[in-house]
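Asks: The structure is given below, and queries will be raised subsequently.
Any read-out appearing in this document is the output of simple, stated calculations on the displayed coordinates, not a laboratory observation. Since we're looking at a predicted model, the values are computed, not measured. A quick note on method: Cβ atoms are made from the backbone with ideal geometry, for glycine too, and the neighbour counts reach across all protein chains shown.
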Amino acid sequence: MTAKREQGWLFHGGRILDARRAGSGRARGGYTEAVLVLGDRIEAVGPLARVRAAAPRGARVVNLRGGTLTPGFVDAHIHLLTWIRAVGDVWIERQTPEGLEDAVRAAQARARDGDWITLRGWVPREWSRERRARATLDRALPGRPLVLLAIDGHSAWGNGAALREAKIAPDVADPPGGTVDRDASGSLTGIFIEAAATLLRRAIPRRREPAEDLAHAVRRAHALGITGAHDFDRADIWRAAQELSGRGRLPFRLVLSVPASKLESAEDLELRSSWGNERVRVGAVKFFADGTLGSGTALLEEEYEDDTSTGTEVISRSELEDRCARARKAGLTVAIHAIGDRAVRNALDAIEGSIRRGGPFPAAPRIEHIQLAREEDLPRFKALGVLASVQPIHQVTDRDVAKRKWGERTARSYAYRSLLRAGARLAFGSDAPFDRPGPLLALQAALLRRAGGEPESQAFHPEQRLGLAPALRAHLEEPNRLAGWSTPLGRIAPGWGADLVQFDQDLLRIDPETYHRARVRAVWVAGARVFGKSL
Ligand SMILES: [Zn+2]
């Protein structure tokens, strides 16, 4: 260990990039900076000759070859285990019975005997009421459990065999916050919405142990340049994280959330936000204020453009405030899922009310997604110290649905620039597997408000574009600051932790248009190389 620490790493010959450098224009010249890492920290940054003189003999030299060295990226909102389990699943490409049959066939070819067939990418609204019947799935696959998972993760649809295996009785009741769908005659359609989806999902047999899944997810995250994450998955990641970190096999920084249904357990255990070690920490309790854009359940101030509804209030404003107050009292901060403008307002009101009742949260409370917000609510983020946790890739994925459902209101959708101007702190994530992960895709979306290669006319409200510096701050600094690691992370400066990513391209020289083509060459976490070999 000691020998290794003394060896160190010396980086040179490329771009050194973090939010401060992107903002100052300092890095725009040549590749004059070199970086020395000793142990788990950055020891020195400066001209190569000076840094080399400070390096111990035997320091391993990394020539960046015109590529970029950045701090490790943190995905501030991801579902790691669901993501990695989804990677191997077949997706429904066409939302028709024929498309379903194709997907079933592809999945059956991959599955082992006895496995359930699970398909991803189901878009409920593209299936007519008549087709959303159990017979549709029973026809596609009789006799073997088949489950379709909705693309937004908020509902699931099972065939007769799946319902039998899951022991779901015909007279099953709606759980709180969920709906068991029935046809006109009162029979189960096999569709389970919001909290009810758990009835079906939890019955799907796992193929691997959670720890094995997590190790796999971490490797895949490294390949994207991600060295840490704020996870919002189900509770089995707690066991997985403890197991890997206990064995010293977690080359990753993980902030875990407490599902709303586990608030009481957390209270009983007196579990507190920010408690943990240098790899795993306790984050926020996650509450839901509304549903999703795609399913028309995001809670709005005014009716949808394509519907007379204003969405679903998953939890009332006052109930939300009570739960926030409980969490705060227990020493836990909160993360509130709020997509529609009314949900965002409810979330801010609930946070404000609970602060007024009992004082500040132990760590910054956060609101997740904020896909639509009223102008007058934006300054409240700063005033209340609420972190805006957003997923830039949604600007690309969701824009057509957003235009259809929100019309002119999209002028204040995904309004990251307005949020920043109002003093809010932004943290970037992906919400994978419900959207595509990867910091370069997120940066590209934040900078361009469109995908790489799309014509400029496709840009979605380009007035909301961000510059590279605030985008990097949201992906590198804010999530780490919120986690409260004892080693500062997210900058390339002496004394900061050595979580680093080497990209094969100069991210300042290439056009953001082509960010998606840049590749990760190597990754370091706490000064140890955890991905890539080439020197
Ligand atoms: Zn999520």
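Asks: Can you pull out every residue in region 70-129 that is of a type in the set (Val, Ile, Thr) and within 30 Å of Leu476 (Cβ to Cβ)?
Replies: Thr70, Val74, Ile78, Thr82, Ile84, Val87
Asks: Pairs only if they're at least six apart or on different chains, beta carbon under 8 angstrom, first in region 142-153 and in contact (Cβ under 8 Å) with a residue 24 or more places away in the chain and within 16 Å of the ligand (Cβ to nearest atom), second of a type in the set (Lys, Arg) and not in a loop (DSSP other than H, G, I, E, B); list them, first residue then second.
Replies: Hits for this filter: Leu149/Arg120; Leu149/Arg201; Ile151/Arg120.
Asks: Hey, Ala442 hits all of (1) more than 16 Å from the ligand (Cβ to nearest atom); (2) under 30 Å from Arg85 (Cα atoms); (3) in a helix (DSSP H, G or I) but one; which does it fall short on?
Replies: Failed condition: (1).
Asks: For region 363-407, how many residues meet the condition of being of a type in the set (Lys, Arg), over 19 Å from the mean Cα position of the chain (by Cα) and not in a loop (DSSP other than H, G, I, E, B)?
Replies: Residues meeting the conditions: 5.
Asks: (1) of a type in the set (Lys, Arg); (2) within 22 Å of Asp236 (Cβ to Cβ); (3) not in a strand (DSSP E or B): which one isn't true of Arg120, the others all being true?
Replies: (3) is the only condition that Arg120 fails.
Asks: Follow-up. Return the residues of region 243-260 that are in contact with a helix residue (DSSP H, G or I) (Cβ under 9 Å, 6 or more places away or on another chain) and part of a helix (DSSP H, G or I); say none if nothing qualifies.
Replies: Of everything in region 243-260, those that are in contact with a helix residue (DSSP H, G or I) (Cβ under 9 Å, 6 or more places away or on another chain) and part of a helix (DSSP H, G or I) turn out to be Glu243, Leu244, Ala260.
Asks: Please find, among Ala338, Ala363, the residue that is crowded, with 24+ Cβ neighbours inside 10 Å and more than 16 Å from the ligand (Cβ to nearest atom).
Replies: Values: Ala338 fails: more than 16 Å from the ligand (Cβ to nearest atom).
Going through Ala338, Ala363 in turn, just one is crowded, with 24+ Cβ neighbours inside 10 Å and more than 16 Å from the ligand (Cβ to nearest atom): Ala363.
Asks: I'd like the residue in region 197-212 that is within 22 Å of the chain's Cα centre (by Cα) and buried (at least 20 other Cβ atoms within 10 Å of the Cβ) and, out of all such residues, is nearest to Ala235 (Cα to Cα).
Replies: Ranking the qualifying residues of region 197-212, first place goes to Pro210.
Asks: Step by step: first the residues of region 408-439, then only those that are among the hydrophobic types (A, V, I, L, M, F, W, C) and in a loop (DSSP other than H, G, I, E, B), then the one that is nearest to the ligand (Cβ to nearest atom). Which residue is that?
Replies: Looking at the filtered set, the residue picked out is Phe434.
Asks: For region 95-109, check the following and say yes or no: at least one residue is over 30 Å from Ala135 (Cβ atoms), β-branched (Val, Ile, Thr) and not in a strand (DSSP E or B). Quick ask: steps written out before the conclusion?
Replies: Step one: of region 95-109, the residues over 30 Å from Ala135 (Cβ atoms) are none.
Within region 95-109 (the criterion being over 30 Å from Ala135 (Cβ atoms), β-branched (Val, Ile, Thr) and not in a strand (DSSP E or B)), the answer is no, since none of the residues qualifies.
Asks: While we're here: Within region 99-110, does at least one residue satisfy the condition of being farther than 20 Å from Gly190 by Cβ, within 16 Å of the ligand (Cβ to nearest atom) and not small (Gly, Ala, Ser)?
Replies: The answer is no, given that none of the residues of region 99-110 is farther than 20 Å from Gly190 by Cβ, within 16 Å of the ligand (Cβ to nearest atom) and not small (Gly, Ala, Ser).
Asks: Cβ-Cβ below 7 Å, separation at least six or inter-chain, first residue in region 159-181 and at positive phi, second assigned to a loop (DSSP other than H, G, I, E, B): which pairs?
Replies: From region 159-181, the pairs are Gly177/Ala195; Gly177/Val314.
Asks: Moving on. Scan region 162-191 for residues that are within 20 Å of Arg144 (Cα to Cα) and out of contact with any helix residue (DSSP H, G or I) (no Cβ under 8 Å at 6 or more places or on another chain) and jot them down.
Replies: Passing the criteria: Arg164, Glu165, Lys167, Ala169, Pro170.
Asks: Quick one: in region 262-306, which of the residues that are in a loop (DSSP other than H, G, I, E, B), at positive phi and among the small types (Gly, Ala, Ser) is surrounded by the most Cβ atoms within 10 Å (Cβ to Cβ)?
Replies: Selected residue: Gly296.
Asks: Continuing with this model, one more query. Looking at Leu188, Leu244, Leu200, Leu214 in this structure, which one is touching a Pro at 6+ places or on another chain (Cβ under 7 Å) and away from the ligand (no atom under 16 Å from the Cβ)?
Replies: Matching residue, one of Leu188, Leu244, Leu200, Leu214: Leu188.
Asks: Same structure, new question: Hey, among the residues in region 41-90 that are among the charged types (D, E, K, R), more than 30 Å from Leu119 (Cβ to Cβ) and touching a residue at least 40 places away in the same chain (Cβ under 8 Å), which one's farthest from the ligand (Cβ to nearest atom)?
Replies: Arg52
Asks: To continue, here is another question. Is there a residue in region 492-500 that is closer than 23 Å to Trp275 by Cα and in a helix (DSSP H, G or I)?
Replies: No: zero hits.
Asks: Related question: Considering only region 326-362, state which residues are part of a loop (DSSP other than H, G, I, E, B), under 21 Å from Gln391 (Cα atoms) and of a type in the set (A, V, I, L, M).
Replies: Residue satisfying the conditions is Ile339 alone.
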